[in-house]
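I have placed the structure first, in the form of structure tokens, so that the comments after it can refer back to it.
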Amino acid sequence: MSSLTDRLTNDGGLTIFLFHGVIERQEHQVRNYTRKHLPVVEFEAILAGVGRVGKAMSMDDVLGTCLSGEQFPRGAFAVTFDDGFENNLTVARPVLDRLGIPATVYVTSGFVDENGMSWVDRIEYAIEKTRHGVLRLPWSQRASHFANPAEKIAILNDIRRNVKSTPGLDVDGFVSDVFRQLDLEEVRSSDDQLDRKMTWDQVRSWRTGGCLVGGHSHTHAILSFLSGPRLEQEIDISLRMLKERTGIVASHYSYPEGLAHCYSEEVIRALKARGIACCPTAIDGTNRPGADPFHLHRVMVS
Ligand SMILES: [Zn+2]
């Protein structure tokens with residue numbers, strides 16, 4: 001990996017790093033091929049590197065500086081995690097504490113409440129577990145056969161691409177159909193290091209020493225695909241659960257998937273009406289002084 005210190009700015013801008021998970025070591029052949037969970041030695045090397053030349057900020061400080069319009073300190077950066085994996089607390093947090101770097105976790109309330117897996121993690125699980133598989137996918141005329149890791153990764157990439165670009169697809173129904181076709185018992189929850197989510201008590205315990213907790217929807221639905229009461233419900237449940245289970249009244253949030261087509265002015269209005277003050281995207285890039293806290297760019301690391 002090229003050095004992420006190259007992504008720091010020295011002209012009054014800000015870099016926000018986006019992580020999902022950090023693991024002790026890679027134990028799977030297929031799962032985590034996208035490196036959504038980074039080995040801890042790499043995570044520590046990255047943070048030690050940026051910490052040496054840059055200035056870590058909490059997302060509260062980021063928000064305050066955005067609103068003031070002032071320049072960020074030289075090499076300013078913030079660390080964020082999406083989704084709420086337990087390994088954020090058990091593997092990443094000791095490194096962050098050692099280096100004195102605060103981080104914000106944005107938790108998906110349904111994942112935390114049920115130790116739930118995202119649709120894509122469930123599909124990865126099913127395909128890795130199957131020795132020789134055949135799948136008929138709704139967007140393809142031909143059956144897809146897979147047996148070795150390369151074929152499994154190719155089909156996973158195909159599924160990712162197609163599902164994410166199809167608004168209105170019944171994703172849960174699609175996942176159930178994949179399990180049925182592969183003759184596997186459906187899995188919604190797992191304690192594997194790639195799946196285990198924080199408990200609500202762990203979420204509460206995250207919030208010390210400048211580390212913050214924000215929302216990230218209830219079901220990880222792409223918010224711009226929803227509107228009206230369904231959009232409001234998705235946000236309301238996530239904020240209410242966070243408050244009821246941990247006492248945290250969130251002013252921070254992040255958009256599921258976070259690309260330009262995944263949020264909208266209606267989404268931003270709904271978040272603002274519920275007290276959210278800052279919501280970074282997953283659009284790649286750094287940020288200028290006075291950046292809009294609802295359009296912040298991030299650099300995805302894992
Ligand atoms: Zn997410």
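Could you list, in sequence order, all residues of the stretch 219-236 that are open to solvent by less than 40 Å² (accessible area, probe 1.4 Å) and either within 13 Å of residue 274 (Cα to Cα) or within 16 Å of the ligand (Cβ to nearest atom) (or both)? Within the stretch 219-236, 220, 221, 222, 223, 224, 226, 231, 234, 235 meet the criteria. Among residues of the stretch 176-189 that are assigned to a strand (DSSP E or B), those with a Cβ under 8 angstrom from a residue that is polar (S, T, N, Q), sequence gap 6+ or separate chain, pair up as 189/115. Filtered by the rule that a residue be in a loop (DSSP other than H, G, I, E, B) and either open to solvent by 70 Å² or more (accessible area, probe 1.4 Å) or in contact with an Asp or Glu (Cβ under 6 Å, 6 or more places away or on another chain) (or both), the stretch 130-147 gives 131, 132, 136, 138, 139, 141, 142. Restricting the stretch 241-288 to residues that are free of Cβ contacts under 8 Å to residues at least 24 places away in the same chain and assigned to a helix (DSSP H, G or I) leaves a set whose member that is nearest to residue 215 (Cα to Cα) is 243. Against the conditions (1) away from the ligand (no atom under 16 Å from the Cβ); (2) open to solvent by 20 Å² or more (accessible area, probe 1.4 Å); (3) in contact (Cβ under 8 Å) with a residue 40 or more places away in the chain, residue 150 satisfies every one except (3).
Of all residues in the stretch 71-91, those that are assigned to a helix (DSSP H, G or I), of a type outside the set (Val, Ile, Thr) and away from the ligand (no atom under 16 Å from the Cβ) total 1. Take the conditions (1) surrounded by 15 or more Cβ atoms within 10 Å (Cβ to Cβ); (2) away from the ligand (no atom under 16 Å from the Cβ); (3) among the charged types (D, E, K, R); residue 191 misses just one of them, which is (1). The set of residues from the stretch 11-33 being within 27 Å of residue 126 (Cα to Cα), away from the ligand (no atom under 16 Å from the Cβ) and β-branched (Val, Ile, Thr) comprises 23, 30.
Condition check: open to solvent by less than 70 Å² (accessible area, probe 1.4 Å) and out of contact with any strand residue (DSSP E or B) (no Cβ under 9 Å at 6 or more places or on another chain). Does residue 278 satisfy that? The answer is no for residue 278.
Considering only residues in the stretch 164-178 that are surrounded by 12 or more Cβ atoms within 10 Å (Cβ to Cβ) and among the hydroxyl-bearing types (Ser, Thr, Tyr), the one that is modelled with the lowest pLDDT turns out to be 166.
Would you confirm whether any residue within the stretch 62-82 is closer than 24 Å to residue 196 by Cα and in contact with a Lys or Arg (Cβ under 9 Å, 6 or more places away or on another chain)? Yes: one or more hits.
The values are calculated or read from the model by the stated rules, or taken from the named source; none is laboratory data. None of these values were measured; they are calculated from a predicted model. Quick reminder, even Gly has a Cβ in these numbers, built from the backbone with ideal geometry, and neighbours come from all protein chains shown. Areas reflect the complete protein model, heavy atoms only, side chains present, ligands, DNA and RNA absent. Shrake-Rupley method; radii C 1.70, N 1.55, O 1.52, S 1.80 Å.
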